[in-house]
Amino acid sequence: MAGPNQPTTIDDKERQNYSYRIMNTPIIARDLTKQAPHSPRERIAGFVIGRRAVDKCRASLAGTLGEYHYDCPLDNMLFSFKGITGEQFKAAVQASTNYEEVGAWLQANGTAKTPAEIKTWSDETEASSLMKIPEKRSYFIESCSALGLNPQMNSTFDWLEADDRETFRRKSL
């Protein structure tokens, strides 16, 4: 028996049960008229935007998308990187019961990407800013200012998260 300062051992069966619990996060359809989708930072299979796109896709299928849009420019950043379409992604989401199944589908379909390529793309996408896109710059500055963000310092993901918080804060009043 392990003492207080000794690591405990986990047998194979316990490890498999633990892995199964961790590796199967059920997709619970979110009503996006009442709750924001996941942050674009939350990754599935290493891909940013993935969980958020799943949430918006499921909500579009359920008619609870609210002010959000599925297959929007943000979602298309992921779809373009993987060489897939919104329709293909939708079919994968419909066939999946958990986020990990969608992640496995992303890894197996479209343009093949190495783990290093996925990490680099995800890290760069998470750090990117609409300030760098001339035709989006003025909109981003205005939107950030309305949310009390500094458009020179905040990323697109910072802005999306702040916008989600403010949207649902206003709805709760």
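Worth a mention:
- Summed over region 110-155, the residues that are assigned to a helix (DSSP H, G or I) and not hydroxyl-bearing (S, T, Y) give a count of 22.
- For region 63-89, the set of residues classified as assigned to a loop (DSSP other than H, G, I, E, B) and over 20 Å from G46 (Cα atoms) consists of G63, T64, L65, G66, E67, Y68, H69, Y70, C72, listed by residue number.
- Residue within region 5-28 that is assigned to a loop (DSSP other than H, G, I, E, B), in contact with a helix residue (DSSP H, G or I) (Cβ under 9 Å, 6 or more places away or on another chain), buried (at least 16 other Cβ atoms within 10 Å of the Cβ) and at pLDDT 95 or above present: no
The values are calculated or read from the model by the stated rules, or taken from the named source; none is laboratory data. Predicted model only: the values in this text are computed from it and were never measured. Methodologically, a virtual Cβ is constructed for each residue, glycine included, from the backbone with ideal geometry; neighbour enumeration extends over all protein chains shown.
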